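Participant: For reference, the structure I am asking about is given below.
The values are calculated or read from the model by the stated rules, or taken from the named source; none is laboratory data. Worth saying up front: this structure is predicted, and the values here are computed from it rather than measured. Positions of Cβ are backbone-derived with ideal geometry, glycine not excepted, and every protein chain shown enters the neighbour counts.
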Amino acid sequence: MTAVGAPTGISQGSRTRGGVGESTLRPDGVLKVTGAFAYASDMWHEDMLWGQILRSTVAHAEIVSVDTSEALATPGVYAVMTYDDLPTGVRHYGLEIRDTPVLAHGKVRHHGEPVAIVAADHPETARRAAARITVEYRELPLVTDEASATAPGAVLVHEHRTDHHAAHVPHPNIVHRQPIVRGDADAAAGRADVIVTGDYSFGMQDQAFLGPESGLAVPGEDGGVDLYIATQWLHSDLRQIAPVLGLPEDRVRMTLSGVGGAFGGREDLSMQIHACLLALRTGKPVKMVYNRFESFFGHVHRHPARLHYEHGATRDGRLTHVRCRIVLDGGAYASASPAVVGNAASLSVGPYVCDDVDIEALALYSNNPPCGAMRGFGAVQACFAYEAQMDKVARELGLDPVEFRRINAMEQGTLMPTGQSVDSPAPVAELLRRIKAMPMPPERQWESSEGADVRQLPGGLSNTTHGEGVVRGVGYAVGIKNVGFSEGFDDYSTARVRLEAAGGRPVVTVHTAMAEVGQGGVTVHAQIARTELGVTQVTIEPADTRVGSAGSTSASRQTYVTGGAVKHACEQVRERVLDIGRRRFGSHHPAWAGAGLLLEGGKVVTDGGEVLADLVDVLEDEVIEVEREWRHRPTEPFDPRTGQGNGHVQYSFAAHRAVVEVDTELGLVKVVELACAQDVGKALNPLSVIGQIQGGTVQGLGIALMEEVVVDPVTAEVKNPSFTDYLLPTILDTPALPVDVLELADDHAPYGLRGVGEAPTLSSTLAVLAAVRDATGLALDRTPVRPEHLTGTA
Amino acid sequence: MRVNLTVNGRPQQADDVWEGESLLYVLRERMGLPGSKNACEQGECGSCTVRLDGVPVCSCLVAAGQAEGREVVTVEGLAEFARRRAEGGAAPGARAGQSASLDAARRWQAGGTDSQTGEHIELAPIQQAFIDAGAVQCGFCTPGLLVAADEMLERHPDPSDEDVREALSGNLCRCTGYETIMDAVRLAAARRSEEARA
Amino acid sequence: MDFLRPADWEEALAAKAEHPTAVPIAGGTDVMVEINFGHRRPEYLMDLGRVGDLAEWEVGEDCVRLGAAVPYTRIMEHLSAELPGLALASHTVASPQIRNRGGVGGNLGTASPAGDAHPALLAAGAEVEAASVRGVRRIPIDAFYTGVKRNALEPDELIRAVHVAKADGPQQFSKVGTRNAMVIAVCAFGLALHPATRTVRTGIGSAAPTPVRAGAAEEFLNAVLEEGGLWENGKIVTPSAVKRFAELCAAACDPIDDVRGTADYRRHAVGVMARRTFTWTWESYRGARRTTEGAV
């Protein structure tokens, strides 16, 4: 771990154990390794029922009839509900656009859409009862791609749109469209010595968090409901759930249960409303747990995309212009599509200087599975294409691809295509330099005295090569991702911090609604509290809706925003405790009157280190509790015509180098090493930071080589909803992952930190693909690259 | 039907078991042992790995009735199991399972106040190593990985990296990218060999 | 659903005779997936886990009698000398956890073209020991696979064991999947040299409705080896002959396009695997021959 650049302003408590900057261990670690950590699917309640969803078997159809009588007559069944049983007039939900029916009404728009729900005393009873519901469909023509979406007379996925994007889109089957025009791309193209175009296609990726969608809804005596749920944003869920149930928000009490990963896939609702409906209908607790098959239908996926790019450059390697058109398939419902469009458009040029751009990004409505948030959304798809283009242009110019990138690398002060100035460090060239300077892994590492170790060769345990056909390749890529919610969204978090003396020592309690999904936010909150308040003993309260919103655990924003809120609340607590101290002890020592008092090691100290008082003595019986909202700098919407505007609050950068070995005859790939250099501003917890970078890196590897939700182009049905056929990288597919961390402070952010989670997923994919291209000499314009694409047998 | 088996050294009985239920379901929903996880229920992720008569298996693919009369060790009993092994006894431990009640949703935060706590809870060396190496993020893959890794180190105290990868190739993790899991297993092996030398 | 727990083989056969729809379950690695996902609701589930000898094997003079439920892990660990092809195939089955439970009986019972054991059994030459209350019969492996996920068993029969000839020469197994572990075969290839009979046998998985042998390829290669006296002189097989052999293996495929791979890729990959596995085994044969001769 290397630190360079400016010191990153830790104001307090650097001498308190377990504070900011240390690799403090997870507070939930012991529970997680002993099996005692309660995930959503582990919830259990006396007399609970099991909920089950019946999903559509076709992608686009009118529902002619639904017959639930046989299901209701099944012994052990307590309730069967359809659209007609919904309690209020609010029967749709959605993150930004409320276009998703709680249960299908009149028609279904994608394969796997919920049509009816069942509660029974055993999951098998519920499954059987659901299977006895008869639904008659009359199939409708399908919208599956841009051509079928915008053809004259195309069937509309949503008729009578009234959402706020409807007026700006060129066709009702387009959710949202964002052009960005800056400079004069036509004129700049005239200055280009080379012009390179490319068409790329990006596959649909699944978040594939391991903990399936689950929750337990318990009806309350007050007519309300308690919901224990795995989600990314409790308050966003709440805003969508309560109106459908016809309950005020304070009677839908939500508690975060253990979350088995998220990666964007829990930003939308899944079974939340269904479980509550069944609980309220039956008067009994209802547990719902998706199995893996259902999970593939139960959450949105990463948008597949078609991308067309044109890059121009001068002979000396400077970009003249970029033109691109990015078409994202949003599927049947909007979910996060508008924001994905905004990211794809605004980040479409990558971390490069280019003043003349002509960009268009849009998302379609179609009858494919709904797509929405996934780690790095919008930016991931764009990076795949612009980095492929950068390699192509470099080759055309006869330049080293890393050198070509360095020549065009943005830096602090560079203007984005949106006209926004990047106003914190943008060490793109430095990241590239570092990644290139890392030592290369040894050649033919699979050779040993006992022969070839197939586990280190393409094909692995399957014993396909002992070295035959194996060619090494190296690839580089760098990416840019925005941090936090953009385009004028009021992105804030709330933290409640309490300081008191208990058992003769000061203790701090931190309460937020932040969804801990594995990222380690709970660890960081405790560290911040220790640093700010000089107290070792910190309790993190369960996340629930008894405290204000913490925003979403997404967009790499939680350490920044909820971490910022915790810091801010701690600072207020510190002021209060110092006030008390001054009142009680001010006359004892002149230093009380001075500025720069610190809390360290449970004591009030001067900046010179002199101890003024023990915190417990200052506090006595007082309990200091502060709840504060905290927001990052405001952003603005992009102009709907020109795309200009200060739309993002912060940018993050990562670069990768991939070394692969390809069995060129069989088209099998072994990634030998996948190294990353990333600027994190300030690593609040270096161990967690590295964990995020490595995890994101391997998700990018998955996109490159194996992960794709395959949708039948004729029926729009999902062909591989299982871990048998949707392949995630195993530990044998995953190489050594060296990480080089830079810490260049962003002065606008708490502790100078920069959101970490997403950037590594961007460049990882393209670095792997670039390395495969290097090994094979093939163009490879899609993800994932499968054996048939490498052997001319697709 | 009724199923009797020994779980973590303690005799357990489950009644009214549906014949199609898996051992995983019985452990999780009938015996209050939800530590074994339900990530795929098709033998493709390893999150439900338990030891059945000593052998690591996916409990989701064992019919409950097949476990009749057998001995099962789950992550909940791993610490005790490892301790007895270290003491030279072969029998698995008798640690009682905790049922995940509503309160469990709150318990982890309430109990795990910070990283310095937890010292009083007995952990197997592999469990401690996973915590220390940062191999736990969301933690859903962790129980299965721990059972698999512990068994691998039992057979193979000084494994090469490729041996570790092969032994753990049936356990998917979506958070870590596996590097810290490798670190954890290396750490557990190194600590063990240090102990052996001492 | 009823759960049948026969205590021994006779009870199992009696139960299967009484309930021909009963689904036998041993390792559970196929059956339980289908039950967990509601794809199968058998009337009777019959646990064979208590029938002890199903998990045992005997190494005879010329042949190994392999109990239907011997876990793949055991085959890898204990039978790699006698059944090298099957041991290699076993090593590619799913994950360690699955290999600890699953056995050849399950592969044969399910008769999926993607079962990893099939190409090795075809190449080695095996007989399936099927039993019922009516008696015991041995079904040659070439006659066992009758259609997609269909086999030659009668409704009242159970698979008790597989009889596989002990290797008299080098054997190999390769399988293509889209990741480096825990993967279902896109296609697979098994090859065994049988110096005792001067023959080469093959097996192809996942590239036709059933596991198949590449008959024409075997005949071609047998002729090449015969005509050149290569079994005796241990000379190399010409690249053009190996190429032709690989082409004939590819031509023996009758694959489909599916989510795991294209038909064209499967044909192509089978050809590559045929060439490589033959090269590996032939080099090994020549090497062993040289060593033997050197010793003489």
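Participant: Could you check segment B:91-198 for helices (runs of 4 or more DSSP H) lying wholly inside it with 2 or more residues that are touching a strand residue (DSSP E or B) at 6+ places or on another chain (Cβ under 6 Å), modelled with pLDDT of 95 or more and not hydroxyl-bearing (Ser, Thr, Tyr)?
Facilitator: Numbers: elements: B:104-111, B:125-132, B:142-155, B:161-167, B:179-197.
By residue number, B:142-155.
Participant: Restrict the check to segment A:331-349 and report whether at least one residue is in a strand (DSSP E or B) and out of contact with any Asp or Glu (no Cβ under 7 Å at 6 or more places or on another chain). Walk me through it before giving the result.
Facilitator: Of segment A:331-349, the ones in a strand (DSSP E or B) are none.
Scanning segment A:331-349 turns up no residue that is in a strand (DSSP E or B) and out of contact with any Asp or Glu (no Cβ under 7 Å at 6 or more places or on another chain).
Participant: Considering only segment A:770-777, I want to know if a residue exists there that is crowded, with 24+ Cβ neighbours inside 10 Å, in contact with a strand residue (DSSP E or B) (Cβ under 9 Å, 6 or more places away or on another chain) and of a type in the set (Gly, Ala, Ser).
Facilitator: yes
Participant: Quick check on A:Gly220: is it within 14 Å of another protein chain (Cβ to nearest Cβ) and either closer than 30 Å to B:Gly139 by Cα or aromatic (Phe, Trp, Tyr) (or both)?
Facilitator: Values: within 14 Å of another protein chain (Cβ to nearest Cβ): yes; either closer than 30 Å to B:Gly139 by Cα or aromatic (Phe, Trp, Tyr) (or both): no.
No; evaluated as a whole, the condition is false for this residue.
Participant: May I ask you to verify whether A:Thr697 is assigned to a loop (DSSP other than H, G, I, E, B) and among the hydroxyl-bearing types (Ser, Thr, Tyr)?
Facilitator: Details: assigned to a loop (DSSP other than H, G, I, E, B): no; among the hydroxyl-bearing types (Ser, Thr, Tyr): yes.
No; evaluated as a whole, the condition is false for this residue.
Participant: OK, next. Would you tally the residues in segment C:6-35 being charged (D, E, K, R), part of a loop (DSSP other than H, G, I, E, B) and surrounded by fewer than 17 Cβ atoms within 10 Å (Cβ to Cβ)? It would help to see each step written out before you state the result.
Facilitator: Step one: filter segment C:6-35 for residues charged (D, E, K, R), giving C:8, C:10-11, C:16, C:18, C:30, C:34.
Add one more test, that the residue is part of a loop (DSSP other than H, G, I, E, B), and what stays is C:8, C:30.
From the residues that got through so far, the ones that are surrounded by fewer than 17 Cβ atoms within 10 Å (Cβ to Cβ) too are C:8.
Of the residues in that region, 1 qualify.
Participant: Determine whether A:Leu431 is out of contact with any helix residue (DSSP H, G or I) (no Cβ under 7 Å at 6 or more places or on another chain), more than 14 Å from chain C (Cβ to nearest Cβ) and crowded, with 21+ Cβ neighbours inside 10 Å.
Facilitator: Details: out of contact with any helix residue (DSSP H, G or I) (no Cβ under 7 Å at 6 or more places or on another chain): yes; more than 14 Å from chain C (Cβ to nearest Cβ): yes; crowded, with 21+ Cβ neighbours inside 10 Å: yes.
When the stated conditions are applied, A:Leu431 passes them.
Participant: Right, here's the next one. Does A:Ala529 count as part of a helix (DSSP H, G or I), crowded, with 24+ Cβ neighbours inside 10 Å, among the aliphatic types (A, V, I, L, M) and touching a residue at least 12 places away in the same chain (Cβ under 8 Å)?
Facilitator: Values: part of a helix (DSSP H, G or I): yes; crowded, with 24+ Cβ neighbours inside 10 Å: yes; among the aliphatic types (A, V, I, L, M): yes; touching a residue at least 12 places away in the same chain (Cβ under 8 Å): yes.
Against the criterion (part of a helix (DSSP H, G or I), crowded, with 24+ Cβ neighbours inside 10 Å, among the aliphatic types (A, V, I, L, M) and touching a residue at least 12 places away in the same chain (Cβ under 8 Å)), A:Ala529 qualifies.
Participant: Another question, if that's okay. Scan segment A:27-54 residue by residue and report those that are more than 7 Å from chain B (Cβ to nearest Cβ) and out of contact with any helix residue (DSSP H, G or I) (no Cβ under 7 Å at 6 or more places or on another chain).
Facilitator: As a first pass, look at segment A:27-54 and keep what is more than 7 Å from chain B (Cβ to nearest Cβ): A:40, A:46-54.
If the condition is that a residue be more than 7 Å from chain B (Cβ to nearest Cβ) and out of contact with any helix residue (DSSP H, G or I) (no Cβ under 7 Å at 6 or more places or on another chain), then A:Ala40, A:Glu46, A:Asp47, A:Met48 are the ones that fit.
Participant: Taking segment A:560-606 on its own, how many of its residues are in a loop (DSSP other than H, G, I, E, B) and under 40 Å from the mean Cα position of the chain (by Cα)?
Facilitator: First, pick out the residues of segment A:560-606 that are in a loop (DSSP other than H, G, I, E, B): A:586-589, A:594-597, A:601-602, A:606.
Now restrict to residues that are under 40 Å from the mean Cα position of the chain (by Cα): A:596-597, A:601-602.
Going through segment A:560-606 one residue at a time, the tally reaches 4.
Participant: Being within 14 Å of chain B (Cβ to nearest Cβ), in contact with a strand residue (DSSP E or B) (Cβ under 6 Å, 6 or more places away or on another chain) and farther than 24 Å from C:Val136 by Cβ narrows it down to one of C:Pro42, C:Pro24, C:Pro71, so name that one. Break it down stepwise before answering.
Facilitator: Values: C:Pro24 fails: farther than 24 Å from C:Val136 by Cβ; C:Pro71 fails: farther than 24 Å from C:Val136 by Cβ.
After applying the criteria, what remains is C:Pro42.
Participant: I want to confirm something. Restricting to segment B:41-58 and keeping residues that are within 12 Å of chain A (Cβ to nearest Cβ) and under 12 Å from the mean Cα position of the chain (by Cα), which single residue is surrounded by the fewest Cβ atoms within 10 Å (Cβ to Cβ)? Show your work before the answer.
Facilitator: So in segment B:41-58, the residues within 12 Å of chain A (Cβ to nearest Cβ) come out as B:41-50, B:58.
With the extra rule that they be under 12 Å from the mean Cα position of the chain (by Cα), the set shrinks to B:46-50, B:58.
Numbers: B:Gly46: 32, B:Ser47: 27, B:Cys48: 30, B:Thr49: 32, B:Val50: 32, B:Cys58: 36.
Applying the filter and picking the extreme gives B:Ser47.
Participant: Please go through segment C:175-203 and give me each residue that is within 19 Å of C:Ile98 (Cα to Cα) and assigned to a strand (DSSP E or B), ordered by number. Show your work before the answer.
Facilitator: Just the residues of segment C:175-203 that are within 19 Å of C:Ile98 (Cα to Cα), to begin with: C:175-186, C:188.
Result: C:Lys175, C:Val176, C:Ala188.
Participant: Among the residues of segment A:77-92, are any assigned by TED's automatic domain parsing to the domain that holds A:Gln240, on the phi > 0 side of the Ramachandran plot, of a type outside the set (S, T, N, Q) and modelled with pLDDT of 95 or more? Can you show your working first?
Facilitator: We begin by selecting, within segment A:77-92, every residue assigned by TED's automatic domain parsing to the domain that holds A:Gln240; these are A:77-92.
Filter once more, keeping what is on the phi > 0 side of the Ramachandran plot: none.
Taking every residue of segment A:77-92 in turn, none turns out to be assigned by TED's automatic domain parsing to the domain that holds A:Gln240, on the phi > 0 side of the Ramachandran plot, of a type outside the set (S, T, N, Q) and modelled with pLDDT of 95 or more.
Participant: Please find, within segment B:21-40, the residue that is farthest from the other protein chains (Cβ to nearest Cβ) out of those that are over 20 Å from B:Leu168 (Cβ atoms) and in a loop (DSSP other than H, G, I, E, B).
Facilitator: Residues of segment B:21-40 that are over 20 Å from B:Leu168 (Cβ atoms), as a first pass: B:21-23, B:25-34.
With in a loop (DSSP other than H, G, I, E, B) added as a condition, the list becomes B:21, B:31-34.
Details: B:Glu21: 8, B:Met31: 11, B:Gly32: 7, B:Leu33: 7, B:Pro34: 4 Å.
Only one residue tops the list, namely B:Met31.
Participant: Would segment A:183-204 turn up any residue that is part of a loop (DSSP other than H, G, I, E, B), within 29 Å of the chain's Cα centre (by Cα), over 30 Å from A:Gly317 (Cα atoms) and within 14 Å of another protein chain (Cβ to nearest Cβ)?
Facilitator: Of all residues in segment A:183-204, those part of a loop (DSSP other than H, G, I, E, B) come to A:183-184, A:192-193, A:203-204.
Now narrow it down to the ones that are within 29 Å of the chain's Cα centre (by Cα): A:203-204.
Imposing the further condition that a residue be over 30 Å from A:Gly317 (Cα atoms) reduces the set to A:203-204.
Narrowing further to those that are within 14 Å of another protein chain (Cβ to nearest Cβ): A:203-204.
Yes: segment A:183-204 contains one or more residues that are part of a loop (DSSP other than H, G, I, E, B), within 29 Å of the chain's Cα centre (by Cα), over 30 Å from A:Gly317 (Cα atoms) and within 14 Å of another protein chain (Cβ to nearest Cβ).
Participant: Taking the residues in segment C:95-131 that are within 8 Å of the chain's Cα centre (by Cα) and not in a helix (DSSP H, G or I) as candidates, determine which candidate is nearest to A:Thr464 (Cα to Cα).
Facilitator: C:Asp116
Participant: Can you tell me which residues in segment A:383-398 are part of a helix (DSSP H, G or I) and more than 26 Å from the chain's Cα centre (by Cα)?
Facilitator: As a first pass, look at segment A:383-398 and keep what is part of a helix (DSSP H, G or I): A:383-397.
Listed by number, the residues that qualify are A:Asp391, A:Lys392, A:Val393, A:Ala394, A:Arg395, A:Glu396, A:Leu397.
Participant: Let me ask something else about it. Among the residues of segment A:109-138, write down those that are within 14 Å of chain C (Cβ to nearest Cβ), over 25 Å from A:Val709 (Cα atoms) and of a type in the set (Lys, Arg).
Facilitator: Across segment A:109-138, the qualifying residues are A:Arg128, A:Arg132.
Participant: Restricting attention to segment C:246-269, which residues are over 17 Å from C:Ala216 (Cβ atoms), surrounded by 21 or more Cβ atoms within 10 Å (Cβ to Cβ) and not hydroxyl-bearing (Ser, Thr, Tyr)?
Facilitator: Correct list: C:Arg260, C:Gly261, C:Arg266, C:His268, C:Ala269.
Participant: Another question, then. Just give me the residues in segment A:241-270 being under 20 Å from the mean Cα position of the chain (by Cα) and either in a helix (DSSP H, G or I) or closer than 21 Å to A:Leu49 by Cα (or both), in sequence order. Write out each step before concluding.
Facilitator: Within segment A:241-270, the first condition is being under 20 Å from the mean Cα position of the chain (by Cα), and the residues that meet it are A:256-270.
Those that are under 20 Å from the mean Cα position of the chain (by Cα) and either in a helix (DSSP H, G or I) or closer than 21 Å to A:Leu49 by Cα (or both): A:Leu256, A:Ser257, A:Gly258, A:Leu269, A:Ser270.
Participant: Being buried (at least 24 other Cβ atoms within 10 Å of the Cβ) and away from chain A (no Cβ under 11 Å) is the filter here; which residues of segment C:168-189 pass it?
Facilitator: C:Gln171, the sole residue that qualifies.
Participant: Can you find a residue that is under 21 Å from the mean Cα position of the chain (by Cα) and closer than 30 Å to A:Val289 by Cα anywhere in segment C:30-43?
Facilitator: So the first thing to find is which residues in segment C:30-43 are under 21 Å from the mean Cα position of the chain (by Cα), and the list is C:30-31.
When the remaining residues are screened for being closer than 30 Å to A:Val289 by Cα, the result is C:30-31.
Yes, because at least one residue in segment C:30-43 is under 21 Å from the mean Cα position of the chain (by Cα) and closer than 30 Å to A:Val289 by Cα.
Participant: Follow-up question, since we're still on this one. Being without any contact (Cβ under 8 Å) to a residue 40 or more places away in the chain and under 21 Å from A:Asp725 (Cα atoms), is that true of even one residue in segment C:138-152?
Facilitator: Checking segment C:138-152: at least one residue is without any contact (Cβ under 8 Å) to a residue 40 or more places away in the chain and under 21 Å from A:Asp725 (Cα atoms).
Participant: Restricting attention to segment A:29-53, and to residues there that are under 16 Å from B:Ile126 (Cα atoms) and under 24 Å from the mean Cα position of the chain (by Cα), which single residue is surrounded by the most Cβ atoms within 10 Å (Cβ to Cβ)?
Facilitator: Within segment A:29-53, the match that is surrounded by the most Cβ atoms within 10 Å (Cβ to Cβ) is A:Lys32.
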